[in-house]
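First comes the structure, then the notes that go with it.
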Amino acid sequence: MQPWAVNKPSFRAELHRIIIYINTPQLNCSRVVSPGQALESEPPAASPRWLLCAEDWLLPATDRPCVAYSFSMDKGDTDFHKTVLGLGCEVHSFDPSNSNTSGGHLGNSLVSNRGDGGVVSQHKMWLEWRVPRRKSKHKTRSNLSHVSQTLTDIMAALGHHTVHFLYADLLSAEWRVFQNWIESGILQSVHHMVATVHLQWAGFEVGGTNEEVLRYWFSILQGLQASGLKLVHSSAGKGHNVLQQTATNAHSSYTLSWVNTRH
């Protein structure tokens, strides 16, 4: 846990350093890929909701497999799918409410679409942040039938060692999920990440005073950075509500784009 921003609990100070972090890119990308596009370009004049850093050394080699995951329940990942399909990736979409039966594979079982270009594999599944007390040494598709799994187990079941592009809007579960990713070390296998963080309330299984919650959030953001993720872009969502308080200098949510510079 990071120390207090001003050596004592302060809602204003804790929120201020989070907003400073969110609004300060840690890596400037001269070439980017914008939502819905697959060709790199200079950063657009109008700030998009998210972007991918397209410096040559940060993109997967064209002659090697490319893997993309998206976790969304509101179809907000449509442009992400279009982009990563255009980049030639094997794409997996995870949504526990999914009832779409056309295209890809649907169900709790994890099935790879390796070699099935242009298809998004649909999985009726969500992310788990709690590590099971007893873990099987050998995870297979047949015993991954639960509706939620950790990212580590999902990747193992699909036979993926790397996720080149990951999109996540976890509806306030992101903080505990991020903590699981940091503690498990799985982020070393994620190259680009786009994620929405929600500030309206503390999030699932996050407790404490408002000041303690803000310090926890900042600690998670610092943990992502320590794992190798550099913030390259941020986009503010609607509203100015933080932990059920009006905050004119902050927004209720932000979509953040990171790139892992250690891969």
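Since every read-out is calculated from the coordinates, none of them should be taken as a lab result. What you are looking at is a predicted structure, and each value in this text was computed from that prediction instead of being measured. We place every Cβ from the backbone using ideal geometry, glycine too, and count neighbours over all the protein chains shown.
Structural remarks
- Residues 89, 66, sorted so that the one with the fewest Cβ neighbours within 10 Å comes first: 66, 89
- Ranked 12, 176, criterion: other C-beta atoms within 10 Å, fewest first: 12, 176
- Among (1) 18.2, 55; (2) 22.1, 75; (3) 20.1, 65, the entry derived from the coordinates for Rg and Dmax of the Cα atoms in Å: (1)
- Rounded to the nearest 500, the helix-only mean residue ellipticity at 222 nm of the chain stands at -6500 deg cm²/dmol, with each DSSP H run of n ≥ 4 adding -39,500 (n - 2.57).
- Length added when fully stretched, residue 20-residue 188, from 0.36 nm per residue minus Cα-Cα: 58.0 nm
- Normalised contact order of the stretch 11-260, rounded percent, pairs of Cα under 8 Å and 6 or more residues apart: 20 percent
- For the chain, the dipole from Cβ point charges (+1 on Lys and Arg, -1 on Asp and Glu) about the Cα centre works out to 640 debye, to the nearest 20.
- Each of 148, 93, 227 was scored by other Cβ atoms within 10 Å of its Cβ. Arranged with the fewest first, they read 148, 227, 93.
- Gain on full extension, evaluated as 0.36 nm per residue between residue 201 and residue 56 minus their Cα-Cα distance, stands at 48.3 nm.
- With 0.36 nm allotted per residue and the present C-alpha distance subtracted, the residue 124-residue 97 stretch has 9.1 nm of extension available.
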